[in-house]
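Since every read-out is calculated from the coordinates, none of them should be taken as a lab result. Nothing here was measured: the structure is a model prediction, and the numbers come from that model. Reconstructed Cβ throughout: ideal geometry from the backbone, glycine too, with neighbour counts over all protein chains shown.
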Amino acid sequence: MGSVICQLTVSLDGFVAGPDQRPDEPLGTGGERLHEWAFAGDAGPAVDADLASRHGEGVGAYIMGRNMFASGRGEWDLDWRGWWGEDPPYHVPVYVLTHYPRASLPMDGGTVFHFVTDGIESALAQAREAAGPANVQVSGGAETAREYLRAELVDQLYLHVTPLVLGAGERLWDGLDEMTFEPFEVTPSPAVTHIRYRVVRPTPG
């Protein structure tokens, strides 16, 4: 069985999206700037291009919150098929947390979105079964990441920290005051600092 990894890009002040998320700005005001490093290609630092090109290596299934898949709430608009077009970048099963049932949605390239209504543990169990020996990645947004971290279901937290202060939006660290993380790999570049942390479990007793 692989690890459960939560991977996010965050601002210096810990936001994974800016304020006022909406269909034409799914990452909120200023939020797109967080991910410029991942799409710079040869125009950016070589280390960033290399890491971006290896996105998804070793991942056999993903988990995301509904807000990462769609901006709406309530019953589904069945015409909505995600932000990524007909060939999303995942290419493995993706489990979307929601309160509203929806049939699984096969896409091009091997991505299949499954909509899970019975909680984070169920989504993780399904993702583990689908991933087999590969890793499961919790991809966001902030609320979903916090839920899995608080439940002590994450083994590693992989953050791409951009030198940008958003000041408002969806913040990762809210409600995680008592958690401890141990950095074990740091890869710097002029555009972003990539940090892998182990999640330190509380000592029993």
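Data for the structure
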read-out: Loop sites in segment 33-102: trypsin sites (Lys or Arg not before Pro), DSSP, at most 13 other Cβ within 10 Å; value: Arg54, Arg73
read-out: GluC sites (Glu not before Pro) within segment 104-205, DSSP loop, no more than 13 other Cβ atoms inside 10 Å; value: Glu152, Glu178
read-out: Per-residue HN-Hα couplings for segment 5-13 [Karplus 6.51, -1.76, 1.60; θ = phi - 60°; Hz; x = Gly/Pro]; value: 10, 9, 10, 9, 9, 10, 7, 4, 9
read-out: Choice from Leu27, Leu97, Leu78 showing the highest fluctuation, given a GNM over the chain with Cα pairs closer than 10 Å; value: Leu78
read-out: Antiparallel DSSP beta bridges within the chain, percent to nearest 5; value: 45
read-out: 222 nm mean residue ellipticity, helices alone, for the chain (DSSP H n ≥ 4; -39,500 (n - 2.57); rounded to 500); value: -4500 deg cm²/dmol
read-out: Sorted by Cβ density within 10 Å, fewest first, the residues His91, His194; value: His91, His194
read-out: Exposure proxy ranking, count of Cβ atoms within 10 Å, fewest first, for His35, His55; value: His55, His35
read-out: Residues with amide H under 5 Å from that of Val10, placed H, sequence gap 5 or more; value: His160, Val161, Thr162
read-out: Karplus (6.51, -1.76, 1.60) ³J(HN,Hα), θ = phi - 60°, over segment 163-176, in Hz, Gly and Pro reported as x; value: x, 9, 10, 8, x, 6, x, 9, 9, 5, 7, 4, x, 10
read-out: Restricting segment 137-179 to chymotrypsin sites (Phe, Trp or Tyr not before Pro) in coil, as DSSP defines it, with at most 16 other Cβ within 10 Å; value: Trp173
